[in-house]
1. Considering the stretch 124-150 alone, what residues qualify as being among the hydrophobic types (A, V, I, L, M, F, W, C) and open to solvent by less than 10 Å² (accessible area, probe 1.4 Å)?
2. List pairs: first in the stretch 245-258 and modelled with pLDDT of 70 or more and among the acidic types (Asp, Glu), second open to solvent by 50 Å² or more (accessible area, probe 1.4 Å) and not in a helix (DSSP H, G or I), Cβ under 8 Å, 6+ apart or cross-chain?
3. With respect to residue 92, determine if the residue is open to solvent by 40 Å² or more (accessible area, probe 1.4 Å) and either touching a strand residue (DSSP E or B) at 6+ places or on another chain (Cβ under 9 Å) or modelled with pLDDT of 95 or more (or both).
4. Any residue at all in the stretch 209-217 that's crowded, with 21+ Cβ neighbours inside 10 Å, in a loop (DSSP other than H, G, I, E, B) and in contact with a helix residue (DSSP H, G or I) (Cβ under 8 Å, 6 or more places away or on another chain)?
5. Could you name every one of the helices (runs of 4 or more DSSP H) located completely within the stretch 85-197 that has at least 1 residues being under 21 Å from residue 279 (Cβ atoms) and within 19 Å of the chain's Cα centre (by Cα)?
6. Only one of (1) modelled with pLDDT under 95; (2) in a loop (DSSP other than H, G, I, E, B); (3) more than 22 Å from residue 209 (Cβ to Cβ) is not met by residue 59, so which one is it?
Amino acid sequence: MPSPRAQAVARGVSPVLRVVERLGLWVRLLSVLGRFGPRPADFGEYLPGEHDVVVATYEKSGTNWMLQIVHQVATVGLGRFDHIHDVAPWPDAPGSQTSVAVPLEEPTWREAPTGLRPVKTHLPREAAPLTDAARYVVVIRDPKDVVVSSYHFVRGIALGPLMPSVSTWVELFLSEQGFAPSGGPWPEHVAGWWAERQRPNVLALRYEELVADLPGGIGQVADLMGVDLDPQALERVRSHCTFEAMRAVGERFDLGPFTPLGSQQTRMVRRGAAGGSAELLTAEQRRRIDDHCESALHRLGSDFPYAEVYRAEW
């Protein structure tokens with residue numbers, strides 16, 4: 001729970017924000033803050049190499065799940081850590097990268113028998129270095145579920161009682177800049193990474209495919225990484241990568257509150273479900289998200305099969 005002082009501040013500010021929202025100014029305000037706020041960090045001069053398996057995802061699209069899968073494959077199911085960012089660098093972390101995650105230059109791959117390690121990024125394709133030496137795992141999730149998951153997450157970790165309404169959050173997602181600090185709009189992020197899937201060192205998976213067949217997804221990741229998992233090792237990896245197992249050690253994936261209004265109880269691993277956006281979004285909101293994303297992908301010239309995999313029948 002937020003501290004008493006934070007709750008008092010929220011009570012004082014909330015009436016103002018309610019007026020801002022009623023006037024339709026929330027999205028404009030957040031857009032301005034995003035435009036003039038600190039720019040996301042990036043890889044700098046670092047070029048991913050043969051030890052790096054870059055997990056490239058849009059926010060709230062199974063990032064920690066795939067980091068765990070990559071780490072457990074790299075350690076043939078024997079990986080242990082106090083926190084996932086002790087073994088997985090995050091170059092575009094908010095604020096100072098090293099205040100959140102181990103530096104890119106730290107050779108954490110030496111701890112794995114395969115000499116491999118995960119690297120996390122939410123950056124769009126054009127902002128992330130793509131090399132022939134590294135491997136890349138791209139995870140794409142239904143944007144309607146992304147909106148719901150991000151709403152719960154941002155409210156819990158940062159805004160608390162100052163969180164805008166669900167309808168405003170949807171408008172921000174549909175806006176020109178999107179709501180992701182480093183990833184930008186969802187269609188642009190997906191189009192950019194999806195276009196690289198034919199490269200031999202790039203694997204593109206949908207979140208929903210992992211939900212439906214976790215062992216199969218692990219096998220594809222292991223093939224990309226060049227790691228031969230015998231049945232015992234595959235079962236070790238799988239057992240560490242179920243949502244039940246990850247929730248049991250949820251503190252190893254949590255980031256803690258970003259602001260005094262955030263809650264220590266906010267979990268990075270929440271439900272691990274697919275197709276549950278109706279818990280928060282109306283049918284009209286879901287239709288608008290589908291229309292927006294499908295048309296934007298078409299405009300960008302992307303052949304990601306949105307209508308086939310994500311558009312619902314209304």
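The values are calculated or read from the model by the stated rules, or taken from the named source; none is laboratory data. All of these numbers come straight from a predicted model, not from anything done at the bench. Glycine also receives a Cβ, built like all others from the backbone with ideal geometry; neighbour counts cover every protein chain displayed. Surface accessibility is based on the protein's heavy atoms, side chains included, excluding ligands, DNA and RNA. Shrake-Rupley method; radii C 1.70, N 1.55, O 1.52, S 1.80 Å.
1. Going through the stretch 124-150, the residues among the hydrophobic types (A, V, I, L, M, F, W, C) turn out to be 127-128, 130, 133-134, 137-140, 146-148.
128, 134, 137, 138, 139, 140, 146, 147, 148, listed by residue number.
2. 254/267
3. On the way: open to solvent by 40 Å² or more (accessible area, probe 1.4 Å): no; either touching a strand residue (DSSP E or B) at 6+ places or on another chain (Cβ under 9 Å) or modelled with pLDDT of 95 or more (or both): yes.
Here the answer is no, as residue 92 does not meet what is asked.
4. Just the residues of the stretch 209-217 that are crowded, with 21+ Cβ neighbours inside 10 Å, to begin with: 210, 217.
Imposing the further condition that a residue be in a loop (DSSP other than H, G, I, E, B) reduces the set to none.
Scanning the stretch 209-217, I find no residue that is crowded, with 21+ Cβ neighbours inside 10 Å, in a loop (DSSP other than H, G, I, E, B) and in contact with a helix residue (DSSP H, G or I) (Cβ under 8 Å, 6 or more places away or on another chain), so the answer is no.
5. Numbers: elements: 97-100, 143-154, 166-174, 186-194.
Passing ranges, in order: 143-154, 166-174, 186-194.
6. For residue 59, the exception is condition (3).
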